[in-house]
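The values are calculated or read from the model by the stated rules, or taken from the named source; none is laboratory data. Everything numeric in this text was worked out from a predicted model, so none of it was measured. Cβ placement follows ideal geometry from the backbone for every residue including glycine, while neighbour counts extend to all protein chains displayed. Just the protein is used for accessible areas: all its heavy atoms, side chains included, with ligands, DNA and RNA removed. Shrake-Rupley method; radii C 1.70, N 1.55, O 1.52, S 1.80 Å.
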Amino acid sequence: MNHIFTVIGLMSGTSLDGVDAAVIRTDGERIEGFGPDLHLPYPAALRQHARKILDEATTLPPDSPALKAVEHEITRYHVNAARQLQALVPDVDLIGFHGQTILHAPARHHTWQIGDAQYLSRATGLAVIHDFRSADVAAGGEGAPLVPWFHAALLNGASGPAAVLNIGGVANITLVDTDGTIHACDTGPGNALLDDWALRHTGTACDVDGKLAAMGTVNQTLLEDLLADPYFARPAPKSLDRQTFAAALDRVSDCTPADGAATLAAFSVEAIRRTPLPARPAHWYVCGGGRHNPVLMRAMRTVLGAPVEPVERLGWNGDALEAQCFGFLAARSVRGLPISAPTITGGPDNLSGGRLTCAGLMPIPAWMRNTGAA
């Protein structure tokens, strides 16, 4: 029987809202159970500084003092989150640490997540698995999305085809077909454009409850213009960067705040509807912050042609799902199991990934000796 790891998964998404942390017990194939989870929000100043780093990432040198300051502060929040869970769960084996994506450019064989794994390991006394995306990108894959293996494990043979739709800053879909084959890709913008638009016009970091978009009217001409982007003509698998569609904010700049929000919400939904899939989902399950937006949920129920429900209908914790996922992937990485695949990221093979960092971890834990990770 494979070793069951107790893992803290840590995730900071492209919405830049904070750190999600969750405990999962898994061997990287089966999920034995979940422990506590939490969310540590970033203060407004850190969000602002991190967003500036995203805007400048294509030209930033890796040793930029501004970048290093943001990386340190983001890692400090991850340390705090991990320590809080360690206080509740004393038998943690390791940490799965995604870090903060600041640039994702797989066409240039480049993906960049910041976060100091050495600092995190020293501060918690735990081994850390990090840098999950680089191996797949180096091999020619998209490096994203990485959640589908976890989604498939959670669905655990449920009748399909079933789609799990994650609407974070970017939206991505996992389709588990009736034969168990996993297909995936990024669909397009998720909440990122709406968040940026709401911040610009209301001073609030998101369109709370979709209230701004609900008051507006979709500009159909602008919507079709946005959907003419070459990304939507590409076959899956495919992925994108949070900033891929940043110019859309300028394209809708002449709209009223409400009409702009309505048009950007429709852009996210229509991008989902037009995503090329090998089978039509019989059911859609939605996670990520987008499931809290009634405008997005109503629109998807109208256009997707199948039931659309939040993942809580399956008993999942939609707020902790991505953090749990990177705990799951850490266990897969330790065992050398694939975390990407040709039908998920477009890479040449089922590839493992992730790097192990141990900052002075002594004595070496038994699980490391048994898996060969040491």
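For the chain, averaging the sequence separation of C-alpha pairs within contact (under 8 Å, six or more residues apart) and dividing by the residue count gives a relative contact order of 23 percent.
Residue separation times 0.36 nm, minus the C-alpha to C-alpha distance between Ala228 and His39: what's the value? Let's see the in-between values first.
Values: separation 189, 0.36 × 189 = 68.04 nm, distance 3.68 nm.
The Ala228-His39 span can extend by a further 64.4 nm.
In the chain the Cα-Cα distances spread across 10 Å bins starting at 0 as 5, 25, 35, 25, 8, 1, 0 percent of all pairs.
Mean shadow of region 141-206, computed from the convex hull of its alpha carbons, in nm²? Working shown, then result.
Numbers: hull surface 20.8 nm².
Reported value for the Cα convex hull: 5.2 nm².
Find the percent of Cα-Cα distances in region 13-151 that exceed 25 Å, and round it to a whole number. Above the 25 Å cut-off, region 13-151 has 30 percent of its Cα pairs. Summed over the residues of the chain and divided among them, the accessible surface reaches 40 Å² per residue at a probe radius of 1.4 Å.
Taking the inverse of the average 1/r across all pairs of different Cα atoms in region 147-314, what Kirkwood radius in Å do you get? Could you put the intermediate results ahead of the total?
On the way: mean 1/r = 0.0626 Å⁻¹.
Over region 147-314, the inverse of the mean reciprocal pair distance is 16.0 Å.
Hull volume per residue, based on the alpha-carbon atoms of region 221-374 and their convex hull, is 175 Å³. For the peptides 279-286, 189-196, residues were scored by their other Cβ atoms within 10 Å and the scores averaged per peptide; the highest-first order is 189-196, 279-286. Looking at region 249-334, the pairs of alpha carbons with a distance over 21 Å make up 46% of the total.
If Leu40, Leu199 are ordered by their accessible area, calculated over protein heavy atoms with a 1.4 Å probe, which sequence runs from highest to lowest? All intermediate terms of the calculation are to be shown ahead of the outcome.
Values: Leu40 30, Leu199 95 Å².
Solvent-accessible surface, decreasing: Leu199, Leu40.
Share of region 147-314's accessible area from carbon and sulfur, percent, 1.4 Å? Answer for region 147-314: carbon and sulfur cover 52 percent of the accessible area.
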